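S.K.: Below: one structure in structure tokens.
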Amino acid sequence: MLVKMEALPGQEKLNPTENQATPNLEPALMTEKAELQAIGPDLVKQARQKQTVLVTGHAGFIGYHVAKNLLERGDKVIGIDSLNTHYDTRLKRERLTLLDELAKATGSKFTSIRADLCDANALHECLDTWKVQRIIHLAGQTDKFLSQDKPEECVQNNINAFMVLLEACRKFKINHLSYASSHAVYGAGFDKAMSEADCANHPLRLDAATQRACELMAHSYSHLFGLPTTGLRFFSVYGPWGRPDSVLFSFTRKILEGKPIQIYNEGSNSRDYTYIDDLVEGVVRASDMPAQPDPAWTVENPGQATSSAPWRVLNIGAGVPQSIEELIAALELALGKTAVKEYLTGPMLEKARSCADVTALVEATQFRPQTKFDRGITQFVEWFRTYYQV
Ligand SMILES: NC(=O)c1ccc[n+]([C@@H]2O[C@H](COP(=O)([O-])OP(=O)(O)OC[C@H]3O[C@@H](n4cnc5c(N)ncnc54)[C@H](O)[C@@H]3O)[C@@H](O)[C@H]2O)c1
């Protein structure tokens, strides 16, 4: 059954326009029109038409920002979220309040539904009632500890929910399904940038394995029913209104409280951190361009990232890995406070590295993430200090 959500007013007064400065994306936007025209007039038309978009997980970090972007440009947005309690739901409710306020201010249509995606009836009712044209699926769970402690829940929220979504897409003839995947599908041990052309059949974590399974299930639906699908492999997303269970939150808190930060592998681990505004731009642009069959794809020469069906996977990352030391230095600068570092001795653990090759993203969307790391961290810290009053 559908439960239309009444977003609760936030307990702390936050003005989103004051707290979330946008990085300078103007160069990309200026060239956008010419580049879109180069892609083809039909796609440009499709891309610019206002759509009714279902965003799943819109109370979550990424879903909130994507829904916000769509409302700002005038799309009609339907959001579905179960508001699970994996982290503080106050943050989720406040994101919903902001979306409500934004819809009122812009005149864009926004409907917020509290439902579990595994509830097929609720989903069908939603797609039918609001005549949804496309879906951006951002509900899911990525927490590696939770996926170890509660593996069945991970499979339920990632695979079972995706199965229900695919069937609904088929039944309601959805134009394009874009969905979150992760860099973790590549597994570990990479000394180079991770490309969609690389094999992704050895994920190490269960949540990553479920995300890879979703990519393969999507392929089957793209092939059998011609459903255009795009799997978006995200690389460590950060920014205002982020997830409190992330490393960035815990490091920021520890630095502010003067508590030690534990550092493994002599600080040599590195991650590709993607600023939320860059990620959203990539997600929305990819969603605007439904996946197409790749005429060059053959069984004899099977590329990993496309198919003879309208299916593709795309990395969205900054493409610039930052070591733990660089992350801490950026936080220290933004906070004006020195971290207490605790280097853990003992045998080196397997090095954790991630770096996105974004060639395919740039080719498909004419957009390259461009927020400088220091700037993104500053935006995050400003939001953090205002939100938590610290
Ligand atoms: N944040 C990152 O760095 C990152 C990196 C790689 C992949 N991802 C993926 O991106 C997606 C969004 O991540 P996020 O950071 O916004 O997480 P998030 O936890 O903030 O948001 C996910 C939202 O989905 C909702 N949800 C979960 N299961 C649901 C279900 N069965 N039905 C309805 N709603 C449900 C939750 O209530 C939550 O609000 C996830 O699939 C995640 O695995 C995120």
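The values are calculated or read from the model by the stated rules, or taken from the named source; none is laboratory data. No experiment lies behind these values; they were computed from the predicted model shown. Note: ideal-geometry Cβ built from the backbone for every residue, glycine included; neighbour counts use all protein chains shown.
Conditions tested, residue by residue: (1) crowded, with 18+ Cβ neighbours inside 10 Å; (2) within 17 Å of the chain's Cα centre (by Cα); (3) at positive phi; (4) not hydrophobic (A, V, I, L, M, F, W, C).
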{"residue": "Lys76", "(1), (2), (3), (4)": "yes, no, no, yes"}
{"residue": "Thr89", "(1), (2), (3), (4)": "no, no, no, yes"}
{"residue": "Glu94", "(1), (2), (3), (4)": "yes, no, no, yes"}
{"residue": "Ala103", "(1), (2), (3), (4)": "yes, no, no, no"}
{"residue": "Thr106", "(1), (2), (3), (4)": "no, no, no, yes"}
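S.K.: Consider only pairs whose beta carbons are under 6 Å apart and that are at least six residues apart or on different chains; among these, list those whose first residue lies in the range 245-274 and is under 17 Å from Asp374 (Cα atoms) and acidic (Asp, Glu) and whose second residue is near the ligand (Cβ under 10 Å from one of its atoms) and modelled with pLDDT of 95 or more.
M.R.: Once the first residue is under 17 Å from Asp374 (Cα atoms) and acidic (Asp, Glu) and sits in the range 245-274, its partners that are near the ligand (Cβ under 10 Å from one of its atoms) and modelled with pLDDT of 95 or more give Asp272/Phe235; Asp272/Gly317.
S.K.: Would you please name the residue that is nearest to Gln141 (Cα to Cα), looking only at residues in the range 180-201 that are small (Gly, Ala, Ser) and more than 14 Å from the ligand (Cβ to nearest atom)?
M.R.: Gly187
S.K.: Out of the range 104-133, which residues are within 12 Å of the ligand (Cβ to nearest atom) and either part of a loop (DSSP other than H, G, I, E, B) or touching a His at 6+ places or on another chain (Cβ under 8 Å) (or both)?
M.R.: Matches in the range 104-133: Ser112, Ala115, Asp116, Leu117, Cys118, Asp119.
S.K.: Out of all the residues in the range 330-347, is one or more surrounded by fewer than 20 Cβ atoms within 10 Å (Cβ to Cβ), among the basic types (Lys, Arg) and in contact (Cβ under 8 Å) with a residue 24 or more places away in the chain?
M.R.: Yes, the conditions are met somewhere in the range 330-347.
S.K.: Are any residues in the range 53-74 part of a loop (DSSP other than H, G, I, E, B) and either surrounded by 22 or more Cβ atoms within 10 Å (Cβ to Cβ) or within 8 Å of the ligand (Cβ to nearest atom) (or both), and if so, which ones?
M.R.: Gly57, His58, Ala59, Gly60
S.K.: Follow-up. Taking His219 as meeting all but one of (1) surrounded by fewer than 23 Cβ atoms within 10 Å (Cβ to Cβ); (2) within 17 Å of Leu327 (Cβ to Cβ), write down the number of the exception.
M.R.: For His219, the exception is condition (2).
S.K.: Return yes or no: is Gly226 touching a Pro at 6+ places or on another chain (Cβ under 8 Å) and at positive phi?
M.R.: Here the answer is yes, as Gly226 does meet what is asked.
Residue-by-condition table, conditions (1) within 14 Å of the ligand (Cβ to nearest atom); (2) small (Gly, Ala, Ser); (3) within 14 Å of the chain's Cα centre (by Cα):
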{"site": "Val247", "(1), (2), (3)": "yes, no, no"}
{"site": "Phe251", "(1), (2), (3)": "no, no, no"}
{"site": "Gly258", "(1), (2), (3)": "no, yes, no"}
{"site": "Val284", "(1), (2), (3)": "no, no, yes"}
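S.K.: When Arg233 is evaluated against the numbered criteria (1) within 13 Å of the ligand (Cβ to nearest atom); (2) touching a Lys or Arg at 6+ places or on another chain (Cβ under 6 Å), which criterion, by number, is the only one it fails?
M.R.: Condition not satisfied by Arg233: (2).
S.K.: Filter the range 180-201 for residues that are more than 20 Å from the chain's Cα centre (by Cα) and not aliphatic (A, V, I, L, M); which is surrounded by the fewest Cβ atoms within 10 Å (Cβ to Cβ)?
M.R.: Asp191
S.K.: Exactly one of these conditions fails for Ile136: (1) under 25 Å from Thr230 (Cα atoms); (2) assigned to a helix (DSSP H, G or I). Give me its number.
M.R.: Here Ile136 clears every test but (2).
S.K.: Taking the range 215-252 only, how many residues are in a helix (DSSP H, G or I) and at pLDDT below 95?
M.R.: 1
S.K.: Identify, by number, the condition in (1) in contact with a helix residue (DSSP H, G or I) (Cβ under 9 Å, 6 or more places away or on another chain); (2) surrounded by fewer than 21 Cβ atoms within 10 Å (Cβ to Cβ) that Trp241 doesn't meet.
M.R.: (2)
S.K.: Only one of Leu204, Leu177 is under 19 Å from the mean Cα position of the chain (by Cα), without any contact (Cβ under 8 Å) to a residue 60 or more places away in the chain, within 15 Å of the ligand (Cβ to nearest atom) and not in a helix (DSSP H, G or I); which?
M.R.: Leu177
S.K.: Hey, another quick one. Given the residues Ser323, Ser308, Ser268, which is the only one that is under 23 Å from the mean Cα position of the chain (by Cα) and either surrounded by 15 or more Cβ atoms within 10 Å (Cβ to Cβ) or farther than 22 Å from Glu382 by Cα (or both)?
M.R.: After applying the criteria, what remains is Ser323.
S.K.: While we're here: Only residues in the range 63-81 that are over 11 Å from Ser108 (Cα atoms) and β-branched (Val, Ile, Thr) count as the first member; pair them with residues that are near the ligand (Cβ under 10 Å from one of its atoms) and in a helix (DSSP H, G or I), Cβ under 9 angstrom, at least 6 apart or cross-chain, and list the lot.
M.R.: Correct list of pairs: Val66/Leu279; Val66/Val283; Ile80/Ala122; Ile80/Leu123.
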